[in-house]
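S.K.: One structure coming up, written as structure tokens, with questions to follow.
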């Protein structure tokens with residue numbers, strides 16, 4: 001009997017595991033494991049969501065024209081060069097599907113988002129992991145890893161789960177140094193948390209080999225709706241639209257995202273509050289002897305003495321009703337990633353870590 005087997009690479013994929021959201025026996029849980037906006041979506045976004053209830057029987061737009069126009073207006077982009085997807089994850093999938101495959105290589109960094117490797121394997125390409133330097137993307141290491149088979153280079157800027165960031169001159173040097181025929185993909189899921197940062201827009205518009213991706217899941221508080229977008233050269237976006245499903249986003253997603261994007265006052269307030277509490281958390285954690293890098297995202301990454309201490313702290317936090325994220329799967333076994341929540345949540349988790357440190361050391 002013929003054996004039915006998947007494409008090469010599929011069985012090498014370890015299924016993605018999201019952040020924990022429940023603790024058995026507790027109903028006072030504070031979830032700080034998934035980098036969600038603690039303030040949720042704006043009132044304008046919620047109102048737009050509700051208005052779509054009466055049109056659920058109608059097919060959505062296939063060209064996403066109104067959302068693309070809003071993205072262009074708010075971010076100063078050419079809407080014709082924008083593609084929308086089911087989270088930025090889908091844009092990553094499109095890129096691997098369209099530009100990678102058997103015999104090609106996809107580069108990502110050691111602590112990079114797991115979907116880079118997953119999407120490369122799903123396309124039949126060879127994922128190539130490159131080390132980072134002090135939990136920060138190392139452009140020289142990436143360029144040294146490039147070969148004639150390199151087709152895609154993924155970096156997140158700011159990065160997840162480290163929260164670190166490289167400057168524009170380094171991303172430009174990366175784009176200039178990759179082989180002909182390779183695309184550099186700047187994952188900007190956390191770009192909005194950096195005041196004045198364009199997420200790579202200037203580089204995309206100055207080069208023919210750079211694409212940037214963004215999401216509505218983080219600062220806009222729409223993680224539950226799964227909406228993302230990408231911006232790149234005309235010919236790249238035209239290729240990606242050939243593999244995009246015609247109805248990949250619902251009217252509910254499209255209208256809610258547009259309303260969220262246009263509520264810039266709310267976005268600004270969320271950015272400012274995140275920056276304030278993030279700075280306080282970093283200072284407080286360093287002050288109790290738990291080293292924590294400056295973060296440019298909506299989370300922090302405290303480091304513990306060793307993996308056992310990190311696991312013990314995680315267990316203690318759970319006993320206090322606090323869920324954070326272990327990141328051993330990102331080769332950071334001595335770290336915990338903690339979302340910047342609202343002020344009570346931030347103070348509660350730092351206080352609990354201080355209690356743990358006092359008892360453990």
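S.K.: What is the one condition in (1) surrounded by fewer than 17 Cβ atoms within 10 Å (Cβ to Cβ); (2) closer than 30 Å to residue 74 by Cβ; (3) in contact with a strand residue (DSSP E or B) (Cβ under 9 Å, 6 or more places away or on another chain) that residue 281 does not satisfy?
M.R.: Only one criterion in (1) surrounded by fewer than 17 Cβ atoms within 10 Å (Cβ to Cβ); (2) closer than 30 Å to residue 74 by Cβ; (3) in contact with a strand residue (DSSP E or B) (Cβ under 9 Å, 6 or more places away or on another chain) is unmet by residue 281, namely (1).
S.K.: Follow-up question, since we're still on this one. So residue 212 clears everything in (1) without any contact (Cβ under 8 Å) to a residue 60 or more places away in the chain; (2) touching a helix residue (DSSP H, G or I) at 6+ places or on another chain (Cβ under 8 Å); (3) not in a strand (DSSP E or B) except one condition, right? Which one?
M.R.: (3)
S.K.: Residue 359 - would you say it is outside any loop (DSSP other than H, G, I, E, B), modelled with pLDDT of 95 or more and surrounded by fewer than 21 Cβ atoms within 10 Å (Cβ to Cβ)?
M.R.: Details: outside any loop (DSSP other than H, G, I, E, B): yes; modelled with pLDDT of 95 or more: no; surrounded by fewer than 21 Cβ atoms within 10 Å (Cβ to Cβ): yes.
Spelling it out, it is not the case that residue 359 is outside any loop (DSSP other than H, G, I, E, B), modelled with pLDDT of 95 or more and surrounded by fewer than 21 Cβ atoms within 10 Å (Cβ to Cβ).
S.K.: Same structure, new question: Could you check, for region 265-276, whether at least one of its residues is at pLDDT below 95, surrounded by fewer than 19 Cβ atoms within 10 Å (Cβ to Cβ) and assigned by TED's automatic domain parsing to the domain that holds residue 355? Steps first, answer last, please.
M.R.: Quick first cut of region 265-276, residues at pLDDT below 95 only: none.
No, region 265-276 contains no residue that is at pLDDT below 95, surrounded by fewer than 19 Cβ atoms within 10 Å (Cβ to Cβ) and assigned by TED's automatic domain parsing to the domain that holds residue 355.
S.K.: A further question on this structure: From the set of residues in region 222-281 that are in a loop (DSSP other than H, G, I, E, B) and without any contact (Cβ under 8 Å) to a residue 12 or more places away in the chain, which is farthest from the chain's Cα centre (by Cα)? Can you show your working first?
M.R.: Residues of region 222-281 that are in a loop (DSSP other than H, G, I, E, B), as a first pass: 222-227, 232-233, 244-250, 263.
From what's left, without any contact (Cβ under 8 Å) to a residue 12 or more places away in the chain: 224, 245.
Values: 224: 14, 245: 22 Å.
So the residue we want is 245.
S.K.: Could you give every pair whose Cβ atoms fall below 9 Å, whose first residue belongs to region 1-21 and is not assigned by TED's automatic domain parsing to the domain that holds residue 34 and modelled with pLDDT of 80 or more, and whose second residue is exposed (fewer than 10 other Cβ atoms within 10 Å of the Cβ) and part of a loop (DSSP other than H, G, I, E, B), counting only separations of at least 6 or pairs across chains?
M.R.: 11/5
S.K.: Could I ask something else about it? Please report, ordered by residue number, the strands (runs of 3 or more DSSP E) entirely within region 65-175 with at least 2 residues that are touching a residue at least 24 places away in the same chain (Cβ under 8 Å). Give the derivation first.
M.R.: Values: elements: 82-85, 105-109, 126-130, 150-156.
Correct list: 82-85, 105-109, 150-156.
The values are calculated or read from the model by the stated rules, or taken from the named source; none is laboratory data. This is a predicted model, so every value here is computed, not measured. Here the Cβ is made from the backbone with ideal geometry for all residues, glycine too, and neighbour counts use every protein chain on show.
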